[in-house]
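Okay, structure first, notes after.
The values are calculated or read from the model by the stated rules, or taken from the named source; none is laboratory data. Values in this document were obtained by computation on a predicted structure and should not be read as measured data. Positions of Cβ are backbone-derived with ideal geometry, glycine not excepted, and every protein chain shown enters the neighbour counts.
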Amino acid sequence: MQPRDMTLPDLVSFDPDHGLISFCGRRAVLVQADAMGALRKELIDTLGVDIAKVILTRFGYSCGQSDARHLHALMGDDAVSEFVLAGPKLHMLEGVVCVETHALLIDPETGHYDMAGVWKNSYEAEQHVRLFGVSSDPVCWTVSGYASGFSSVAFDTPMICIEDQCVGRGHAECSWRLISSDICGPEHDEHRRLFMPLNLQQHINLLEQKVQQRTADLAASESRYRDLVDNLSEIVFSLDGNGQLVHLNRAGRRRLGLAADGEMVPLARLMTMPHRRRLARFLRQVGDSGSEGRIETALRSLHGEEIPAQMQISPVMDGERLAGYRGLAIDISQRQARERKLTEYASSLESQLAQATRLAGLGQFASGIAHEINNPMGLISAYAEDLLDTIGDGGGGGDPVDVERLRRGLATIQEQAYRCKYITQNVLSFARDQVVNLEPTNLGALVRDKVAFFSDRAGGVALDIRLTVNDDLPPVRTDPSLIGQVLLNLLKNAAEATESNGRLMVSLGRFRSRIRLEVADDGPGLAPEIMEKVFDPFFTTKEPDRGTGLGLSICYGIVRSLGGTITCGNRPAGGAWFRVSLPMVSEGPTASEGPIVSEGSVER
């Protein structure tokens, strides 16, 4: 019988009444491919890939040898080239693999045998990929072993089947070749090893030794870890899922007053009541999030000592279940003491800085007063000396006194005396407390009156004042006389900025929940360095004898006393703007509050 003539009906017979199947004259068993895959998985999971590969390869080798001897008795003395193809034909009939032979070289005289081809639909590659995914090595171990065993009997010489490509490695098909074991070089030692006898007991003993060594290493590692944890100066602890202490290192027991072999207690018992509630919420948060967290709290030992601590706690998970917590508590009492000292030191420095700032401000204030008073006093002194000389000359030489000269001198003295009075009045307005009388005020009418008054005083100068007032504004609780003084001062400054020959824009309207009064001009604007000092006392950009530098400072103090703000800036089209923002009636004090005393000097 030739391999090409072998058909399944000729080779198989069924006797279901006796539970027997015969294949090639021998009892056979139908086994599902998945069952062979399960066997492979058990071998790999239990013994590892290397041992499982040896077992399955030798299993296939034994099956191939047995089938070859049995078929030789059935087929007789057929040609070796025909007989060697019977093994692949059996595998195809059994559903193991589809074999295609591409090369076959037989030379009995030299003992040289070669055979090569491809395997298609290998059950073994299919099962391995299903169970383990793509491998880095060929996986048709039983098929390779079967080919080696069958060909070794057929060629009457040891043969080794080498799988060069494999579906289990991600290739499109499995390619193989058979070579004589006698001509295999050192590069084939790995394949030759698969056919050597396997001493499972030796491997088991080796595995047991590795397990024992690993267990000893783990025990030593755990001992070192416990020694390290116990010798730490910080408090290290473990909790169960209910917050009960299950482990506490030596430092923790000593600090918290627990005996070395004493019973563990709930961690919350070592805290005051407020901290217990915080800890309970914190543990729930850490457990729900599954991530580490930190909290500052205070522990209390069984002796009553309170220990400020920063606790770092992380959850211990058993799969999806919260098994407990582990944590570290660091004593932060020294850190808190340092922070308190730093806070006290910073407060002291801040007080010293404020005192130095006040002294510097007082020095600047005094310097400004001296400078402003010195100029008119110098003129008064000079004219007084001139008048004395005039009177002296007239009385001694008999010449008449120059009355006109006396009149001019006295007028100058009077003018400069008034200037000194004006300066001292401004200083008093700036420095002393003022009584602010708040009353509901129609700011629209007030602004119109003050702008008209200022326009009349401006006389015939070429000053263009443009006024915009919203008619639906609510009344504002403010002091009409003081806010009028602020508006007139802003108008005066704006007119001087344009040299009384420009345009002034005055607007009054609602901005969010406040009332905004704005005075703008088309003058040169404010330089950045000027904008930072414009509200400082005695700061002025005017020429000497034309301003005291107190006007905007007084305005600033008035607006602050009225519960508002005053700011300044530059218009995009050119010129400067000053804005006064005041609260509406609903935000101001009630009528029962009475007058408000404002401080003349306002810190900004």
Query raised in the report: Filtering the stretch 150-196 down to residues that are modelled with pLDDT of 90 or more and among the acidic types (Asp, Glu), which residue is surrounded by the most Cβ atoms within 10 Å (Cβ to Cβ)?
Result: GLU163
Report summary line: Within the stretch 4-36, residues assigned to a helix (DSSP H, G or I) and within 17 Å of TYR146 (Cα to Cα) come out as ALA33, MET36
Report task. Out of the residues in the stretch 443-454 that are in contact with a helix residue (DSSP H, G or I) (Cβ under 9 Å, 6 or more places away or on another chain) and surrounded by fewer than 16 Cβ atoms within 10 Å (Cβ to Cβ), state the one that is modelled with the highest pLDDT. Result -> ASP449
Report task. Scan (1) within 48 Å of the chain's Cα centre (by Cα); (2) farther than 16 Å from ALA52 by Cα for the single condition PRO138 breaks and write down its number. Result -> (2)
Report task. Find all pairs meeting these conditions: Cβ atoms under 7 angstrom apart; at least six residues apart or on different chains; first residue within the stretch 257-274 and closer than 15 Å to HIS303 by Cα; second residue of a type in the set (Lys, Arg) and modelled with pLDDT of 80 or more. Result -> LEU270/ARG300; MET271/ARG300; THR272/ARG300
Query raised in the report: Out of curiosity, is GLU404 at pLDDT below 90, among the acidic types (Asp, Glu), surrounded by fewer than 19 Cβ atoms within 10 Å (Cβ to Cβ) and within 30 Å of ILE530 (Cβ to Cβ)?
Result: no
Query raised in the report: Would it be correct to say that GLY459 is at pLDDT below 80 and not assigned by TED's automatic domain parsing to the domain that holds ILE391?
Result: yes
Report task. Output yes when any residue across the stretch 272-292 is out of contact with any Phe, Trp or Tyr (no Cβ under 7 Å at 6 or more places or on another chain), part of a strand (DSSP E or B) and either among the β-branched types (Val, Ile, Thr) or more than 25 Å from ARG250 (Cβ to Cβ) (or both), and no when none is. Result -> no
Query raised in the report: Does any residue of the stretch 94-107 turn out to be within 19 Å of ASP10 (Cα to Cα) and in a helix (DSSP H, G or I)?
Result: yes
Query raised in the report: Which condition number does GLU415 fail, the rest of (1) at pLDDT 65 or above; (2) surrounded by fewer than 16 Cβ atoms within 10 Å (Cβ to Cβ); (3) more than 30 Å from TYR556 (Cβ to Cβ) being met?
Result: (3)
Report task. May I ask you to list the residues in the stretch 482-500 that are surrounded by fewer than 17 Cβ atoms within 10 Å (Cβ to Cβ) and over 18 Å from ASP456 (Cβ atoms)? Result -> GLU499
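Table: residues versus (1) of a type in the set (Phe, Trp, Tyr); (2) at pLDDT 90 or above; (3) touching a helix residue (DSSP H, G or I) at 6+ places or on another chain (Cβ under 6 Å).
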| residue | (1), (2), (3) |
| --- | --- |
| GLU518 | no, yes, no |
| GLY547 | no, no, no |
| CYS555 | no, no, yes |
| ARG560 | no, no, no |
| THR567 | no, yes, no |
| ARG579 | no, yes, no |
| PRO589 | no, no, no |
